[in-house]
Amino acid sequence: MKSLQISFKTSKEILDEFKRAYHKAKIRKTGTPHYGISFDTRRDFELFARNIYILSNILAYKPRSVYELAKISGMDTSNLNKIILFFEKVGAIKIKEQTISGRAVRTPIVDYDRIEFKLAA
């Protein structure tokens, strides 16, 4: 089962974590793969958390297009496109572009079975 870990960290903490991972990789001492997204601004974190139901809809209904996802989610397509672009930018989803019946279609794909929040107080 592939899991995505979401965290809220400062830029310094993210850089320190990267340095530790780099040194482990350099001496070939890697552990299990780690898939994570770390936010350094509260605004981006809240945008992600507020729209997590869209990721759930993609997992549950497996829509063939953004338009189909908009119908399922009850959202306007233009607003949903902005959220989809944000999710793609942070790495939470992938967009597969394909042609169906002569039309270019963008299909959102979530590669994770579970999303975990790692928030330190």
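The values are calculated or read from the model by the stated rules, or taken from the named source; none is laboratory data. Computed from a predicted model, the values in this text were never measured in an experiment. Here the Cβ is made from the backbone with ideal geometry for all residues, glycine too, and neighbour counts use every protein chain on show. What goes into the accessible areas is simple: the full protein's heavy atoms, side chains included, and nothing from ligands, DNA or RNA. Shrake-Rupley method; radii C 1.70, N 1.55, O 1.52, S 1.80 Å.
Holding the Cα-Cα limit at 28 Å, pick out from 9/96; 19/118; 2/62 the pairs that are longer than that.
9/96
Could you report the range 12-121's accessible area per residue, 1.4 Å probe, as an integer in Å²?
I get 73 Å² per residue for the range 12-121.
If R0 is 22 Å, what FRET efficiency do you get for residue 90 and residue 29 from their C-beta distance, rounded to 0.05?
Details: r = 28 Å, r/R0 = 1.27.
It comes to 0.20.
Hey, in the GNM for the chain with a 10 angstrom Cα cutoff, which one of 73, 56, 101 fluctuates hardest?
101
Which is farthest toward the positive dipole end of the chain among 56, 22, 66, measuring Cα position about the Cα centre, with Cβ charges +1 (Lys, Arg) and -1 (Asp, Glu)?
My answer, from the dipole projection, is 22.
Say we join alpha carbon atoms closer than 10 Å with springs in a Gaussian network model of the chain; which of 77, 99, 107 then has the biggest fluctuation?
Judging by the Gaussian network model, the answer is 99.
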